[in-house]
Amino acid sequence: MTFANPDDDVLRALLKSVKTIAVVGLSPQPARPSYRVAQAMQRYGYRIVPVRPLVDTVLGEKAYASLADIPFAVDLVDVFRAAEHVPAIVDQCLALHLPRIWIQEGIVADAAARAAQAGDMTVVMDRCILKDYVRLNTE
């Protein structure tokens, strides 16, 4: 079984239904892609929840050391970590019964993505959430 991303209609519906995005690996450095993407999504009205140990806040939001530490519901987990970290992140998502994971552009972890799908998660991989948001909302 090979991994396939959802089609544009599913992505559009996903982006409309999501309100809170936990960003795993969100850097506090404005020059980093994770910061720029999360900042833009925040400006588009999404609540951004930084998931990064040893950081207090990013983009004005309290940061959490892990997904399990977030004390409220998360609609989507956006991953800015290297591919070797994705399986453990998927395991956390499955244990917490989180509904969706978006693995950012340039990050490919096929087995982890298939495991997330097998656990009834919606999975997007090797795509930029900001690029897709802009593309799907300007067509």
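Each reported figure results from applying straightforward, stated rules to the coordinates on display, with no laboratory input. Because the structure is a prediction, the values reported are computed rather than measured. Glycine gets a Cβ as well: all are built from the backbone with ideal geometry, and neighbour counts include every protein chain shown.
Full extension of the chain between residue 97 and residue 16 gives 27.1 nm of extra length, using 0.36 nm per residue less the Cα-Cα distance. Our helix-only sum for the chain, with -39,500 (n - 2.57) per DSSP H run of n ≥ 4 divided by its residues, gives a mean residue ellipticity at 222 nm of -10000 deg cm²/dmol.
In this structure the amide hydrogen of residue 76, modeled in the peptide plane, comes within under 5 Å of the amide hydrogens of 20, 22, none closer than 5 places in sequence on its chain. Most simply put, segment 8-136 has about 10% antiparallel DSSP beta bridges, counting only bridges with both residues inside it. A straight Cα-to-Cα reach below 17 Å connects residue 131 with the aspartates and glutamates 7, 8, 9, 78, 105, 139, residues fewer than 8 places away in its own chain not being considered. Remark: relative contact order (segment 84-139) = 36 percent; criterion is Cα-Cα distance under 8 angstrom and separation of 6 or more residues. Here segment 80-107 and segment 118-133 have alpha carbon centers that stand 10 Å from each other.
Compute the relative contact order of segment 16-67 as a whole-number percentage, counting only Cα pairs closer than 8 Å that sit 6 or more residues apart in sequence. Across segment 16-67, relative contact order equals 35 percent.
With N as its number of residues, the chain has a Cα radius of gyration that, divided by 2.2 N^0.38 Å, comes to 0.96. Checking every one of the chymotrypsin sites (Phe, Trp or Tyr not before Pro) in segment 9-73 against DSSP loop status and a limit of 13 other Cβ atoms within 10 Å picks out 44, 72. Relative contact order of the chain: 23 percent, from C-alpha pairs under 8 Å at least 6 residues apart in sequence.
Remark on segment 3-81: ratio of C-alpha radius of gyration to 2.2 N^0.38 Å is 1.10. Annotation: peptides 87-98, 5-16, ranked by per-residue average of other Cβ atoms within 10 Å with the highest first, follow the order 87-98, 5-16.
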